[in-house]
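Quick notes on the structure that follows.
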Amino acid sequence: MNKQRVLAVGAAVVLIAVLTWLFWDTPAQKNAQNQGGSTPAAAPLVGSPGTFFGATVEQPQRSKAEVAKIEADAQSEVDRLWPHVRKGEPTEAERAKVRVEWVNFSVQHPGNVYIPNEFKPPISAAEEKAVRQQLDDTTALAAKQAAQKHLDRFAQPAAGGPAELTEQQARDSGITPEQQRNFFNYKIKELESRIQLVEFYLNSDDLGASKKTAAKKELIVWKKELEELMRTRAQVPNS
């Protein structure tokens, strides 16, 4: 009986609290009603003073001179990164000049790998097969080197440093002396082609003084790399 009375009293208290919450006017509501308004004021917009994010910062108005400088700087950056965009399509006279240069270059260096196909002399089926085999061997050996570098990077360091790869180990891994020679022959040919191309344009009037200075520095580095490649190729056994 006492338990039922306690439950009844608790339910009555809860009912009174709900009714008071429903019908009791808050001070803000009373002020709105006294001023003749029945609805509270709209919430301030985000960015206005007094909100969580504060007032919106107004961007300063730039002068015409400042706007012109910004546009000029942007155009200068475009010209530096993508000069062909500024120049547009080459004229027929410019195309003819480039064709003449390629013809002259191909006469001097017929084996250069950078010569477009339209300026290369025709080759026989046997020569085409040899070129394809050289490219296949170069690609395969480059892939093996990349895989080996990846393994060496995460391998535990051996005592006294990594052991040198012997000829027998190279054969066991599937790399034949012929593949090695094809690889080094192509690397040497590609580097020689770069050197020939740069030296050809150094003798022309198309390069400015700063570009010629940079090209000459590159040639010094490439020629040292070429000497190293030739020394390495000489160590490859004949069979």
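The values are calculated or read from the model by the stated rules, or taken from the named source; none is laboratory data. Because the structure is predicted, anything quoted here is derived from the model rather than measured. Every residue, glycine among them, receives a Cβ derived from its backbone with ideal geometry; neighbour counts consider all protein chains shown. Each accessible area value is taken on the protein alone, full model and side chains, heavy atoms only, with ligands, DNA and RNA left out. Shrake-Rupley method; radii C 1.70, N 1.55, O 1.52, S 1.80 Å.
What pairs come up if the first residue lies in segment 113-129 and is under 16 Å from R95 (Cα atoms) and free of Cβ contacts under 8 Å to residues at least 60 places away in the same chain, the second is among the polar types (S, T, N, Q) and surrounded by 10 or more Cβ atoms within 10 Å (Cβ to Cβ), and their beta carbons are under 8 Å apart, counting only those six or more places apart or on different chains?
If the second residue must be among the polar types (S, T, N, Q) and surrounded by 10 or more Cβ atoms within 10 Å (Cβ to Cβ), the pairs left are I115/S106; F119/S106.
Against the condition aliphatic (A, V, I, L, M), at pLDDT below 80, open to solvent by 80 Å² or more (accessible area, probe 1.4 Å) and assigned to a helix (DSSP H, G or I), how does L165 come out, does it pass?
no
Taking segment 95-112 on its own, how many of its residues are open to solvent by less than 80 Å² (accessible area, probe 1.4 Å), touching a residue at least 60 places away in the same chain (Cβ under 8 Å) and under 13 Å from S193 (Cβ atoms)?
4
Of the residues in segment 196-210, how many are within 20 Å of Y114 (Cα to Cα) and either surrounded by fewer than 16 Cβ atoms within 10 Å (Cβ to Cβ) or among the aromatic types (F, W, Y) (or both)?
8
Let's see how each residue does on (1) modelled with pLDDT under 80; (2) open to solvent by 90 Å² or more (accessible area, probe 1.4 Å); (3) assigned to a helix (DSSP H, G or I):
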site	(1), (2), (3)
P122	no, yes, no
H150	yes, yes, yes
Q180	no, no, yes
K189	no, no, yes
E225	no, no, yes
